[in-house]
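The structure under discussion appears below in the form of structure tokens.
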Amino acid sequence: MSEIKIYKKEDFEPMRNACQLAKRVLDYIEPYIQENTTTEKLDTLCHDFIIANNATSATLNYKGFPKSICTSVNHVVCHGIPGSYKLVKGDIINIDVTVNLNGWFGDTSRTFIVGPTTKLAENLVKVTQEALYIGINAVKPGGYFEDIGKAIQEFVDKYGYSIVKDYCGHGIGRVYHDEPIVIHYDSGEQRQRILPGMFFTIEPMINAGSHKIKILKDGWTAVTIDKSLSAQFEHTIGVIDNTVEILTA
Ligand code: MF3
Ligand code: CO
Ligand code: CO
């Protein structure tokens, strides 16, 4: 079994910088998320913003992914590829940004609403964001990774929504996707301890219907099997001494 990396105190500063840039990309793109805008336009804007800030997109060409951000609309769970699709009123769209700044990776996503939308969509987005924070609050130095999924599942079950099982959070830092995997449901089998010096993401994907997904022929786009709506929020977290820091907040 491989080990989870423990980073040094001096690693926090460059990691914070990468994570803060990823956050700023989302802040920057938010006002452009409007009806009639194509997801490709959002991609170009984010790409240029990242480059202008002396960083690169970690998703561009990652295992062949062709664009600089992921844009996942409505029943798309994750890894939507920006293209000619024009946003319409009522859409929900997750934008997932990972930057590489000086060799450090910062990864964050939010689901935005092209309003007005339905009560269901509004509530799903709200519950998903809350689920992320419930997960973050379950992070305790000396605790276990499985505490995160347990807390998220207990919370999400109350609403009758489902948690995607096919994708997880992950270790991050000098590597984009590192150990461990961070499970968002109650798996009862993640006995690794959360320790000072660890960097990882929490990124629950919550569906209004079935938790089951399928991947489209493009090899990336994950959609809900029943076409139900799906939302996601993601933060990169760092544990420094006894403090849990949301690096992308
Ligand atoms: N940013 C995604 C994550 O949260 C991964 C995207 S990989 C891509 O881990 F290739 F689809 F861009
Ligand atoms: Co991630
Ligand atoms: Co991400």
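The values are calculated or read from the model by the stated rules, or taken from the named source; none is laboratory data. Only a predicted model underlies this, so the values are computations on that prediction, with no experimental measurement involved. Cβ sites come from the backbone with ideal geometry, for glycine too, and all protein chains shown count toward neighbours. We work out accessible area using only protein heavy atoms, side chains counted, and drop any ligands, DNA or RNA first. Shrake-Rupley method; radii C 1.70, N 1.55, O 1.52, S 1.80 Å.
Here's a check for you: in the stretch 180-191, which residue that is under 23 Å from S230 (Cα atoms) and in a strand (DSSP E or B) is least open to solvent (accessible area, probe 1.4 Å)?
Of the stretch 180-191, the ones under 23 Å from S230 (Cα atoms) are 181-187.
Remaining after also requiring in a strand (DSSP E or B): 181-182.
Details: I181: 96, V182: 0 Å².
Looking at the filtered set, the residue picked out is V182.
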Going through (1) away from ligand 2 (no atom under 16 Å from the Cβ); (2) under 18 Å from the mean Cα position of the chain (by Cα); (3) small (G, A, S) one by one, G149 fails only at (1)
For this session: Kindly indicate whether I213 is out of contact with any Gly (no Cβ under 8 Å at 6 or more places or on another chain) and β-branched (V, I, T).
Result: yes
For the stretch 51-70, pairs from a residue that is more than 20 Å from R110 (Cα to Cα) and without any contact (Cβ under 8 Å) to a residue 40 or more places away in the chain to a residue that is more than 11 Å from ligand 3 (Cβ to nearest atom) and among the β-branched types (V, I, T), with Cβ under 8 Å and 6 or more apart or across chains, are P66/I81
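Can you confirm whether L26 is in a helix (DSSP H, G or I) and within 14 Å of ligand 3 (Cβ to nearest atom)?
Values: in a helix (DSSP H, G or I): yes; within 14 Å of ligand 3 (Cβ to nearest atom): yes.
Judged against the criteria, L26 is a match.
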Result of the Cβ filter at 9 Å on the stretch 87-99, keeping first residues that are under 25 Å from R174 (Cα atoms) and partners that are open to solvent by 20 Å² or more (accessible area, probe 1.4 Å) and assigned to a loop (DSSP other than H, G, I, E, B), at least 6 apart or interchain, is D96/H79; T98/Y176; V99/N53
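In this structure, does P14 turn out to be free of Cβ contacts under 8 Å to residues at least 12 places away in the same chain, open to solvent by 30 Å² or more (accessible area, probe 1.4 Å) and over 18 Å from the mean Cα position of the chain (by Cα)? Break it down into steps so the answer makes sense when it comes.
Working: free of Cβ contacts under 8 Å to residues at least 12 places away in the same chain: no; open to solvent by 30 Å² or more (accessible area, probe 1.4 Å): yes; over 18 Å from the mean Cα position of the chain (by Cα): yes.
Considered against the rule, which asks whether it is free of Cβ contacts under 8 Å to residues at least 12 places away in the same chain, open to solvent by 30 Å² or more (accessible area, probe 1.4 Å) and over 18 Å from the mean Cα position of the chain (by Cα), P14 comes out as no.
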Considering residues that are hydrophobic (A, V, I, L, M, F, W, C), over 13 Å from the mean Cα position of the chain (by Cα) and within 16 Å of ligand 3 (Cβ to nearest atom), the number found within the stretch 219-245 is 2
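Having 1 or more residues that are within 16 Å of ligand 1 (Cβ to nearest atom), farther than 22 Å from H211 by Cα and open to solvent by less than 10 Å² (accessible area, probe 1.4 Å) is the bar; report the strands (runs of 3 or more DSSP E) wholly within the stretch 41-141 that clear it.
Of the strands (runs of 3 or more DSSP E) lying wholly inside the stretch 41-141, those with at least 1 residues that are within 16 Å of ligand 1 (Cβ to nearest atom), farther than 22 Å from H211 by Cα and open to solvent by less than 10 Å² (accessible area, probe 1.4 Å) span 92-101, 104-113.
Looking at the stretch 149-179, which of its residues are more than 16 Å from ligand 3 (Cβ to nearest atom), more than 16 Å from L229 (Cβ to Cβ) and not basic (K, R)? Walk me through it before giving the result.
We begin by selecting, within the stretch 149-179, every residue more than 16 Å from ligand 3 (Cβ to nearest atom); these are 149-163, 165, 174, 179.
From what is left, the residues that are more than 16 Å from L229 (Cβ to Cβ) are 149-155, 157-158, 165, 174, 179.
Across the stretch 149-179, the qualifying residues are G149, A151, I152, Q153, E154, F155, D157, E179.
Would you say D147 is within 22 Å of E3 (Cα to Cα) and either part of a helix (DSSP H, G or I) or open to solvent by 70 Å² or more (accessible area, probe 1.4 Å) (or both)? Break it down stepwise before answering.
On the way: within 22 Å of E3 (Cα to Cα): yes; either part of a helix (DSSP H, G or I) or open to solvent by 70 Å² or more (accessible area, probe 1.4 Å) (or both): yes.
Judged against the criteria, D147 is a match.
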Going through the stretch 235-249 in order, the residues found to be open to solvent by less than 50 Å² (accessible area, probe 1.4 Å) and not in a strand (DSSP E or B) are L247, T248
Among residues of the stretch 192-234 being over 24 Å from G143 (Cα atoms), away from ligand 1 (no atom under 16 Å from the Cβ) and among the hydrophobic types (A, V, I, L, M, F, W, C), the residue surrounded by the most Cβ atoms within 10 Å (Cβ to Cβ) is L229
Here the qualifying pairs (Cβ atoms under 6 Å; residues six or more apart or on different chains; first in the stretch 148-175 and under 16 Å from G209 (Cβ atoms); second within 13 Å of ligand 2 (Cβ to nearest atom) and open to solvent by less than 10 Å² (accessible area, probe 1.4 Å)) come out as I163/H184; V164/M205
Taking the stretch 150-160 and keeping only residues that are open to solvent by 60 Å² or more (accessible area, probe 1.4 Å) and either in contact with a Gly (Cβ under 8 Å, 6 or more places away or on another chain) or part of a helix (DSSP H, G or I) (or both), one is left with K150, E154, D157
